[in-house]
Amino acid sequence: MSAVDRPWTPAPLAAPAAPTAAAGAAAAAKTRVWIGRWLVSSAIANGLMAGTYVLFSVWVMPMLGRKNDAGFVDSMQKINVQIENPLFFAAFFGAMAFPAIAAWKLRKTGGGTAMKWAVAAFALYTTTVLTTSGINVPLNEMLASKGDANPAKARTDFEDVWNLWNGVRAVLTTAAFAAGIQAVRVFRRNRG
């Protein structure tokens with residue numbers, strides 16, 4: 001029988017290569033790099049937000065406090081419009097998302113103390129988001145809708161309450177920033 005007449009049989013398939021120790025180590029190293037990036041991003045975003053809230057507490061609001069009622073309301077309305085921009089929202093939501101992602105990734109690698117600090121940063125900042133959405137934003141909306149009609153009353157209803165809760169946000173976000181820094185330090189020192 002010639003080679004042309006023989007029936008064709010497929011060559012045996014090679015078994016998939018078993019993962020090597022080197023491939024596993026490379027994957028672990030890549031995961032570690034990404035966890036480090038999430039932790040650093042968490043600290044940066046929380047630092048930016050803490051700076052924003054502290055700046056409002058120590059400079060913006062005291063400066064606006066020296067204005068007359070109409071000037072205060074007008075300035076605050078303009079600030080509330082201008083602050084809603086992509087960079088602000090990236091930091092605002094990133095400060096919550098980044099520590100959550102880092103904690104989730106750390107959980108998959110065994111958790112550890114760095115994960116606890118990332119969870120703390122997430123919890124502290126999430127409290128800030130709840131305060132913002134439940135108190136500060138409704139006050140901003142009230143000022144936008146009613147401030148022009150009666151600036152004196154709008155300012156009275158707005159200023160002290162907004163300042164108090166902005167101070168709470170400043171403290172919580174500063175604590176979240178500190179927790180994020182500690183998560184990075186522990187992660188780098190303990191290799192996880």
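Among residues other than N150 with Cβ under 13 Å from its Cβ, the summed charge is 0 (Lys and Arg +1, Asp and Glu -1).
Across the range 88-192, counting alpha-carbon atoms alone, Rg and Dmax equal 17.7, 59 Å.
Our coupling estimate for the range 174-182, obtained by passing each phi through the Karplus curve with A = 6.51, B = -1.76, C = 1.60 and θ = phi - 60°, is 5, 5, 5, 4, 4, 5, x, 4, 5 Hz, Gly and Pro reported as x. Each helix, a run of at least 4 DSSP H residues, gives -39500 (n - 2.57); summed and divided by the residues of the chain, these come to -26500 deg cm²/dmol at 222 nm. Normalised by 2.2 N^0.38 Å, where N is the number of residues, the C-alpha radius of gyration of the range 78-135 stands at 1.35.
Cross-link partners for K30 among the lysines, with Cα-Cα distance under 29 Å and sequence neighbours closer than 8 places in the same chain left out: K105, K108, K116.
Split the accessible area of the chain by element, probe 1.4 Å, and carbon with sulfur accounts for 68%. For the chain, the alpha-carbon radius of gyration amounts to 1.64 times the rule-of-thumb value 2.2 N^0.38 Å expected for a compact globular protein. Once a ≥ b ≥ c are taken as the square roots of the eigenvalues of the Cα gyration tensor of the range 48-103, is the result rounded (a/c under 1.5), prolate (a/b larger than b/c) or oblate (a/b not larger than b/c)? Cα axes put the range 48-103 in the prolate bin. Within the listed set I79, I44, I181, the residue fluctuating most in the Gaussian network model of the chain (springs between alpha-carbon atoms under 10 angstrom) is I79.
Accessible surface calculations at 1.4 Å, restricted to protein heavy atoms, place the chain at 59 Å² per residue. Here the Karplus curve 6.51 cos²θ - 1.76 cosθ + 1.60, taken at θ = phi - 60°, turns the phi angles of the range 136-146 into couplings of 5, 5, x, 5, 4, 5, 4, 5, 5, 8, 10 Hz, with x standing for Gly and Pro.
The values are calculated or read from the model by the stated rules, or taken from the named source; none is laboratory data. In this text the structure is predicted, and so the values were computed from the model without any measurement. Counting neighbours? That spans all protein chains shown, and the Cβs are built from the backbone with ideal geometry, glycine included. Surface areas here come from the heavy atoms of the whole protein model, side chains and all, with no ligands, DNA or RNA. Shrake-Rupley method; radii C 1.70, N 1.55, O 1.52, S 1.80 Å.
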